[in-house]
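**Student:** One structure, as structure tokens, below. Some questions next.
Taken together, the values in this text are just the output of simple stated rules run on the coordinates, not laboratory data. Keep in mind that this is a model prediction, so the values were computed, not measured. Cβ sites come from the backbone with ideal geometry, for glycine too, and all protein chains shown count toward neighbours.
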Amino acid sequence: MEYSLMHKNVLVADLDLDNETGHILKIVKIFNVQHFPVGIVDKNGIADRVALNDWWVDRSIPASRSGVKKALEVLNISNPKILLTKCFGLSLSDQYWIKPQNENISWETVNFFDNEFSEDIGDVLWGKRLNKDDVNYHSPDNTSDGCLKKRWKIVNGKRCLLKSGSTPFMQQPFNEVIASIIMDRLNIPHVSYSVIFDENGQPYSVCEDFITGNTELVSAWRVMQANKKRSDVSVYQHYINCCELYGVKNIIHAIDQMIVVDYIIANEDRHQNNFGLVRDANTLEWLYPAPVYDSGSSLGYDKLTNQILSGKTIECKPFEKTHEEQLNLVTSFDWINFEALKGINRDIKKVFENAGEYIDADRVNAIISSVESRIEYLQGIAISSRQIVDNIDDDVNQDVAEDYTLNM
Ligand SMILES: Nc1ncnc2c1ncn2[C@@H]1O[C@H](COP(=O)(O)OP(=O)(O)OP(=O)(O)O)[C@@H](O)[C@H]1O
Ligand SMILES: [Mg+2]
């Protein structure tokens, strides 16, 4: 079936899309090369259909999403790409969509920023709805990325993302709040998270959409796809180079901040879709580094208490294999106000106050002690003079999101 790929109301290209599989069969005609998603068009203005399909698949719920298999069974749908076409591919993180060519609709009438959306798909993903009768598919939950169970809801007129943790500790929602507190204290631009509990006492994190109808999130992965990386350039340097090419100000400082907070919380999943840039969706101007989001896979979220205490086997992404090596990329620690981190133990304790069923006191103490010792280490290197070491031999081998289905 023929669709138009749209960027708000800009006609980007006509596509032939297979409704049965959700696959883009052909880019029929290009109308606007500039407004293509980042990383699809080469220097000569040629759009790559395979790359466009990769981008399109990346818009759909990943197969590794907790509970997606069950949801597809309920909806009697073979693959999550089919869900994309049922909501015009609209999202709450960017402004792309596909318009069936026989329909006379505009971005104003369909977008999720200004218009209400159905809760049905969210309910199915939440395991709350067990039949597909009368399902209204017009929902941004069809286009949400990431492995954890999640849904968008309109709360007091604001678009909010609700996100679960993974079994058995369900720790990620609490970690998001602790990361928010640390970033508040250090003045790091971030998405602010809080925790709510459902009727069964299960915790979820809640955060507001940091994208508006005029902006969009472009992940670091996409930013880096747009420019070829030379083999003698590290992933870190390639990202900085791309951002500087786009004229993004203060990118080095923003990455310094992200590396430091990821060190403090021992983040194990800062893959290349968990940070990025915000651009103006109308003018295509690159605006600023995205505020730090998705910091929940941290603080030993999937480890036993003794493992949290030992601090061994902490994974590191996106630039180096260990957090200590990654700290070597930080150009300045001068901005860190260590005084502001004093008393963080009390805040951490408070966050976990209502988590008793999942997280016991020993676990909380282990988390506090690991955070305190990491802050101490950081303070030690911040005051000693050091050289920046960026060695491409230390680059991560793989950059993939955690697969929580293994923990289910
Ligand atoms: N507050 C937000 N505003 C807009 N878009 C968001 C927001 N939070 C997350 N997103 C988008 O939704 C995606 C999934 O969210 P998030 O990364 O928090 O989920 P996750 O399941 O923890 O992901 P992962 O697979 O990395 O563990 C993000 O990659 C981003 O594109
Ligand atoms: Mg994520």
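**Student:** Near Lys303, within a Cβ-to-Cβ distance under 12 Å, what is the net charge of the other residues, with Lys and Arg +1 and Asp and Glu -1?
**Tutor:** Taking every other residue near Lys303 into account, the sum is -1.
**Student:** Just to be sure I understand the rule: take each whole DSSP H helix in the chain, project its Cα atoms onto its long axis, keep it if the span is 30 Å or more and its mean Kyte-Doolittle hydropathy is at least 0.0. Which ones pass?
**Tutor:** Length and hydropathy pass: 361-383.
**Student:** OK, next. May I ask you to list the trypsin sites (Lys or Arg not before Pro) in region 46-148 that are in a DSSP loop and have at most 12 other Cβ atoms within 10 Å of their Cβ?
**Tutor:** Lys128
**Student:** Just to be sure I understand the model, the point goes 7 Å from the Cα along the line to the Cβ. What's the resulting Asn200 to Asp184 distance in nm?
**Tutor:** Those two pseudo-labels are separated by 3.0 nm.
**Student:** Then there is this: Can you tell me the relative contact order of the chain? Whole percent, Cα pairs under 8 Å, sequence separation 6 or more.
**Tutor:** 15 percent
**Student:** When the Kirkwood hydrodynamic radius is evaluated over all pairs of different C-alpha atoms of region 54-115, what value in angstrom, to one decimal, is obtained?
**Tutor:** Result for region 54-115, one decimal place: 12.9 Å.
**Student:** Okay, moving on. Classify region 84-210 from the C-alpha gyration tensor, please: rounded if a/c falls under 1.5, else prolate or oblate depending on whether a/b exceeds b/c.
**Tutor:** Oblate, because a/c is 1.5 or more while a/b does not exceed b/c.
**Student:** Count the net charge of all other residues whose Cβ sits under 15 Å from the Cβ of His7, scoring Lys and Arg as +1 and Asp and Glu as -1.
**Tutor:** Net charge around His7: -1.
**Student:** So, one more: What lysines sit close enough to Lys81 to cross-link, taking a C-alpha to C-alpha distance under 18 Å and skipping anything fewer than 8 places away on the same chain?
**Tutor:** Lys26, Lys69, Lys70, Lys99, Lys132, Lys149, Lys150
**Student:** Order by neighbour count: His23, His190, fewest other Cβ atoms within 10 Å first, most last.
**Tutor:** His23, His190
**Student:** Under Stokes-Einstein, with the Kirkwood radius over Cα pairs standing in for Rh, what whole-number D in µm²/s applies to region 215-407 at 37 °C and 0.692 mPa s?
**Tutor:** 183 µm²/s
**Student:** Right, next: Pull out a ≥ b ≥ c, the square roots of the eigenvalues of the alpha-carbon gyration tensor of region 74-146, then state rounded if a/c is under 1.5, prolate if not and a/b is larger than b/c, and oblate in the remaining case.
**Tutor:** Because a/c hits 1.5 or more and a/b exceeds b/c, region 74-146 counts as prolate.
**Student:** Distance between Cα centroids, region 77-133 to region 206-220: provide it in whole Å.
**Tutor:** 17 Å
**Student:** Please report the spacing between the Cα centers of region 231-298 and region 342-359 in Å, no decimals.
**Tutor:** 29 Å
**Student:** Counting only Cα atoms, I'd like the Rg/Rh figure for region 308-377, Kirkwood definition for Rh.
**Tutor:** Result for region 308-377 is an Rg/Rh of 1.02.
**Student:** Then there's this: Summing -39500 (n - 2.57) over the DSSP H runs of n ≥ 4 in the chain and dividing by its residue number, what mean residue ellipticity at 222 nm do you reach, to the nearest 500 deg cm²/dmol?
**Tutor:** Taking each H run of at least 4 residues, the total per residue is -8500 deg cm²/dmol.
**Student:** Moving on to the next point. By a straight-distance test (C-alpha under 23 Å), which lysines pair with Lys321 as possible cross-link partners, with residues fewer than eight away in the same chain excluded?
**Tutor:** Lys228, Lys229, Lys303, Lys312
**Student:** Express the Stokes-Einstein translational diffusion coefficient of region 24-71 in µm² s⁻¹, to the nearest whole number, given a Kirkwood radius over alpha-carbon pairs, 37 °C and a viscosity of 0.692 mPa s.
**Tutor:** 264 µm²/s
**Student:** Under 8 Å for C-alpha pairs, at least 6 residues apart: give me the relative contact order for region 215-407, rounded to a whole percent.
**Tutor:** Relative CO of region 215-407 lands at 27 percent.
**Student:** First select every other residue whose beta carbon is under 10 angstrom from the beta carbon of Phe88; then total the charges, Lys and Arg +1, Asp and Glu -1.
**Tutor:** After counting each charged neighbour, the total is +1.
**Student:** Further, regarding this structure: How many times 2.2 N^0.38 Å is the alpha carbon radius of gyration of the chain?
**Tutor:** Normalised Cα radius of gyration, the chain: 1.00.
**Student:** Ratio of region 1-159's C-alpha Rg to 2.2 N^0.38 Å, to two decimals?
**Tutor:** Computed over Cα atoms of region 1-159, the ratio equals 1.03.
**Student:** Report the equivalent ellipsoid semi-axes for region 135-231 in whole Å, largest first, defined as the square roots of five times the eigenvalues of the gyration tensor built from alpha carbon atoms.
**Tutor:** Calculated on Cα positions only, the semi-axes equal 25, 20, 16 Å.
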